[in-house]
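Let me begin by presenting the structure, written as structure tokens, before commenting on it.
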Amino acid sequence: MRAILDENATIAAWTEVERAISRAQGELGIIPGDAADTIANSLDASSIDLDQLHQDTRHVGRPIVGLATQLSAQVPEPHNQWVHYGFTTYDVMDTASALQSMRATTELQSQLNLLRKSLEQLAVKHRDTLMIGRTNGQHAQPTTFGARVATWIEELLRQQYHLQSASSDAFNIQLGGMVGSLASFDDQGLKLRQKAAGILGLNSPVTNWHNARDGFARLVQALGLVNATLARIARDIADLESTDFGEAFEAGETGRGKSSGMPHKRNPRAAEFAQAVATLGRQRAAGITEVMGQQHERSGGTYIAEWMLVPETFLLSSGAIAWSRELFDRLQIDEERMRSNLDDMRGLELSERYTLALAKKIPKTQARRLIDEACERVYQKNCSMDEALASIPAIGDALSSEELESLSDPTTYLGVASDMIDSIVDSSSAQEF
């Protein structure tokens, strides 16, 4: 990701835009065809004097004046006069940003595809691994770890769809000249924009977006949502790795996650870094709507903030995915501990099941009152749900001992969890972004 977005890559993208527009101008006769060919063959981003470019940028407040000066010096006379002909700084910088964002998004989608594959394997492996489901931090009902993973997979799929959809609004050429009218190209402005966009592999909008930043804003906000999902998943795993849960751990070499003062500790490093970096990515993305406030045809105050927000959000997103992939490469599940934590509920996790079964025999309000009484006995007498149910005559009158025994098996109260896992894994494995 750094190779796509660093200073050298940015200068190379600016140069690529200059080359493409000149080539398109040559094909339309806006500049001489031999000049366009010479420009295309002469421009070399790797030969740019960075110290001089930095100095010129500080002086001008934008980098393209200094860039165009150096690029013109690379082209022999008389063709050098046609370098950067009729377009402006925003055209070059915005179009280059679209190019880099397109490449960065392709890389992110590839990383997310790999992360989903790891999750698909995890969901299949633990399709029937019983665990206690938790709501509001409380033990709730039986579920499987595979079902938990399936929700992560589907959420990531949705985020990838959002990112793909946002891409269509962001990967556009910006070529409008000084105020968007393309006046410097007479009646060929729209043809020039379309031709240059084709050379660069970008979309060509009807108007300009140098003052309408909604495309970039939507793209970056989509990245923010990806990070929000990654942070949620990492937090879930970190909870499962806690001593109180003890249901997961990160495998690794001796010393990984050690505390400087407590030799017994094995801290969840990949989980915590995945959560932290994703949180930073989500927070960075939140600032993008501030740069939509462009005044009139162009203004710089908000635009400059974009120079940091866009690449930093991509970098943080890439880092969050990388940590997430490491997390799941290392993740080990303690199936016995998961079952033990469920069994600690002593049958309370099936209270809904008992209520619904009883409600088929007696009024539901009465059934609920009796199961509430049974739950209270479990808490007060420290007994099992089976024992509590057996101690209430009204329940025994309605449900036989055989019926109660069949209801007490948590493995048979998982609903359609396995069907959902199979469906999501099948759907996910067929998707590539």
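The values are calculated or read from the model by the stated rules, or taken from the named source; none is laboratory data. Predicted model only: the values in this text are computed from it and were never measured. Every residue, glycine among them, receives a Cβ derived from its backbone with ideal geometry; neighbour counts consider all protein chains shown.
Below is a table of values for the structure above.
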item: Candidates Ala217, Ala228, Ala222 - the one that is surrounded by fewer than 21 Cβ atoms within 10 Å (Cβ to Cβ) and either outside the structural domain of Arg284 (by TED's automatic domain parsing) or in contact (Cβ under 8 Å) with a residue 40 or more places away in the chain (or both); result: Ala228
item: Qualifying residue in region 387-402 (condition: within 44 Å of the chain's Cα centre (by Cα), of a type in the set (A, V, I, L, M, F, W, C) and surrounded by 19 or more Cβ atoms within 10 Å (Cβ to Cβ)); result: no
item: Hits in region 391-411 (condition: within 16 Å of Arg353 (Cα to Cα) and outside any loop (DSSP other than H, G, I, E, B)); result: Ile395, Gly396, Ala398, Ser401, Glu402, Glu403, Leu404, Glu405, Ser406, Leu407, Pro410, Thr411
item: Pair list, Cβ under 6 Å, 6 or more apart: region 105-118 residue within 16 Å of Thr151 (Cα to Cα), other residue among the aromatic types (Phe, Trp, Tyr); result: Ser118/Phe328
item: Counted residues, region 413-430 - those being without any contact (Cβ under 8 Å) to a residue 60 or more places away in the chain and either assigned to a loop (DSSP other than H, G, I, E, B) or not assigned by TED's automatic domain parsing to the domain that holds Gly133 (or both); result: 3
item: Where Asn341 falls short, out of the listed (1) farther than 11 Å from Ile132 by Cα; (2) within 43 Å of the chain's Cα centre (by Cα); result: (1)
item: Extreme residue, surrounded by the most Cβ atoms within 10 Å (Cβ to Cβ), among residues of region 1-46 that are among the charged types (D, E, K, R) and touching a His at 6+ places or on another chain (Cβ under 8 Å); result: Glu18
item: Per-region count, region 60-107, residues of a type in the set (A, V, I, L, M, F, W, C) and surrounded by fewer than 22 Cβ atoms within 10 Å (Cβ to Cβ); result: 7
item: Looking only at region 119-146, and only at residues there that are among the charged types (D, E, K, R) and in contact (Cβ under 8 Å) with a residue 12 or more places away in the chain, the one that is surrounded by the most Cβ atoms within 10 Å (Cβ to Cβ); result: Glu120
